[in-house]
Amino acid sequence: MEPSTEEFMREAVALARANVQAGGRPFGAVLVREGRVLARAVNEVNQTKDPTAHAELLAIRNASQSLGSASLSGCVIYASGHPCPMCLAAMHLCGIQGAFFAYSNEEGEAFGLSTAPIYAQLARGPQGQSLPLTPLRPAGEQGLYDEWKRQQRDRRRP
């Protein structure tokens, strides 16, 4: 019998609880395709001092490595907490078709786990954010994307 969506979510929350007990943050993720778990991960920001070591991103990285593909189309992710914008962007980029979360951003706010400031920055668009984003192309630099396109085309030729 195939596990249910609730069972996958229970596993994500159990991973998060175990991570808290180990000194980590309360986030776990389970990445599933066609009822089969491809990857499990917990937030490792505290342990690794890597601000991108979110449970969802680590699950995506692990699944991609295991499959030997950057495409995770047809996958669903179960996360103990509402995915942040960085994780959501990664999900879009790799083709994940859906995500479930157990705890909302509002529930995490009381504990300093809110991503609301990040969402507010994103709502202003790339030019309205507080982090300066300035185009700068060195003099004489050109053709990078054309070169990449040629390489892609050449790799496809028999």
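Counting only residues that are surrounded by 13 or more Cβ atoms within 10 Å (Cβ to Cβ), out of contact with any Leu (no Cβ under 6 Å at 6 or more places or on another chain) and touching a residue at least 24 places away in the same chain (Cβ under 8 Å), region 88-98 holds 1 of them.
Screening region 48-64 for residues that are open to solvent by 60 Å² or more (accessible area, probe 1.4 Å) and modelled with pLDDT of 95 or more and picking the one that is farthest from residue 4 (Cα to Cα) gives 49.
Of all the residues that make up region 1-13, how many are small (Gly, Ala, Ser) and surrounded by fewer than 20 Cβ atoms within 10 Å (Cβ to Cβ)? Qualifying residue count for the region: 1.
This table checks each residue for (1) under 13 Å from the mean Cα position of the chain (by Cα); (2) within 20 Å of residue 112 (Cβ to Cβ).
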| residue | (1), (2) |
| --- | --- |
| 23 | no, yes |
| 28 | yes, yes |
| 37 | no, no |
| 40 | yes, no |
| 43 | yes, yes |
| 47 | no, yes |
| 51 | yes, yes |
| 56 | yes, yes |
| 63 | yes, no |
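Could you check region 14-31 and list, in sequence order, the residues that are β-branched (Val, Ile, Thr) and buried (at least 21 other Cβ atoms within 10 Å of the Cβ)? Matches in region 14-31: 30 only. The set of residues in region 65-86 that are open to solvent by 20 Å² or more (accessible area, probe 1.4 Å), at pLDDT 95 or above and not hydrophobic (A, V, I, L, M, F, W, C) comprises 65, 66, 68, 69, 71, 73, 74. For region 56-95, filtering for residues that are part of a loop (DSSP other than H, G, I, E, B) and in contact with an Asp or Glu (Cβ under 9 Å, 6 or more places away or on another chain) leaves 4.
The values are calculated or read from the model by the stated rules, or taken from the named source; none is laboratory data. Remember, predicted model here, so these are calculated numbers, not experimental data. Here Cβ is always computed from backbone atoms with ideal geometry, including for glycine, and neighbour counts include all displayed protein chains. Just the protein is used for accessible areas: all its heavy atoms, side chains included, with ligands, DNA and RNA removed. Shrake-Rupley method; radii C 1.70, N 1.55, O 1.52, S 1.80 Å.
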